[in-house]
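Visitor: Structure below; questions to follow.
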Amino acid sequence: MDDPNDMRRELSALLRKAKAAGSTEAEAMAAAAKAADLMRTHRPNDDDAEYEEASVALKTKGRSERDGLLSVIGLCTNSAPILHTDWTPAVTFVGQSPGPEISVSLVTLCYRAVDHEIERFKDTGEYKKHRTLSTRRQCVRDFTSGLCHRLVQRLYTLFSETMEEHAYDAAHLVAFTRFQISGTVPRPSRNIRFGGAAQAGYEAGERVRLDHGLALPAPQNTLPSPTDAS
């Protein structure tokens, strides 16, 4: 795709589909694979100094297990994430097109998948065997941690060909100039209490249709299993 306008039109259609209330999870998550294709076919050169911004509202304030995905998504799309926690929580991605828009699409898709998988998990025996509110909340946190751990691995694989350290660093400089704050979004770090829930989340992360429509190699990461987290 040589014409940037064609790319933007296709990306706009992608974003509309990702956010459409009637789209299925499989249809929505297929957009992540298409986003990876767009990153491969429209890679800005070093002379392109135009940096764009795209934002998406969040239900969380950077303290949820899923919010660790924000930094990873920014790294995958060479875009610096800026977390806003005042008034309406949101994240803004700064980078060269189409990185920021793809980032917003990925946040929408991944967060929707997390919500969907949590609801499925609450119908399982692993969740229902816990009787108190506090243990059930911890169980969901551990499940989400395992789920996001697997999503991180898969995102790195999906975007491995287009991640560029110098582009990511340059985006952070631009973001700092514009917002006067660091673009780094802290990743929550908590001890895993229920290994079974974390393992169930990890397996759920494999089900999410990030790679729908693409034949991708298995992840080469050697990250520790979520059940080994401390």
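The values are calculated or read from the model by the stated rules, or taken from the named source; none is laboratory data. Remember, predicted model here, so these are calculated numbers, not experimental data. Please note: Cβ atoms are built from the backbone with ideal geometry, for glycine as well, and neighbour counts cover all protein chains shown. Accessible surface is based on the protein model in full, side chains and every heavy atom, while ligands, DNA and RNA are left aside. Shrake-Rupley method; radii C 1.70, N 1.55, O 1.52, S 1.80 Å.
Visitor: Being at pLDDT 85 or above and open to solvent by 80 Å² or more (accessible area, probe 1.4 Å), is that true of even one residue in the stretch 215-227?
Guide: Checked against the condition, which is being at pLDDT 85 or above and open to solvent by 80 Å² or more (accessible area, probe 1.4 Å), the stretch 215-227 yields no hits at all.
Visitor: Only residues that are in contact with a Phe, Trp or Tyr (Cβ under 6 Å, 6 or more places away or on another chain) and at pLDDT below 90: list them for the stretch 126-180, please.
Guide: If the condition is that a residue be in contact with a Phe, Trp or Tyr (Cβ under 6 Å, 6 or more places away or on another chain) and at pLDDT below 90, then 174 is the only one that fits.
Visitor: When the residues of the stretch 91-124 are filtered to those that are of a type in the set (S, T, N, Q) and modelled with pLDDT under 90, which remaining residue is surrounded by the fewest Cβ atoms within 10 Å (Cβ to Cβ)?
Guide: Selected residue: 108.
Visitor: Hey, another quick one. Take the stretch 118-159 and flag every residue that is of a type in the set (Ser, Thr, Tyr), in contact with a helix residue (DSSP H, G or I) (Cβ under 9 Å, 6 or more places away or on another chain) and over 16 Å from residue 65 (Cα atoms).
Guide: Hits for the stretch 118-159 are 124, 127, 156.
Results for (1) of a type in the set (Phe, Trp, Tyr); (2) open to solvent by less than 30 Å² (accessible area, probe 1.4 Å); (3) modelled with pLDDT under 85, shown as yes or no for each residue.
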position	(1), (2), (3)
47	no, no, yes
53	no, no, no
61	no, no, yes
69	no, yes, no
73	no, yes, no
76	no, yes, no
84	no, no, no
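Visitor: Would you mind telling me which numbered condition in (1) surrounded by 16 or more Cβ atoms within 10 Å (Cβ to Cβ); (2) modelled with pLDDT under 90; (3) out of contact with any helix residue (DSSP H, G or I) (no Cβ under 9 Å at 6 or more places or on another chain) residue 35 fails?
Guide: Evaluating residue 35 over (1) surrounded by 16 or more Cβ atoms within 10 Å (Cβ to Cβ); (2) modelled with pLDDT under 90; (3) out of contact with any helix residue (DSSP H, G or I) (no Cβ under 9 Å at 6 or more places or on another chain) leaves (3) as the failure.
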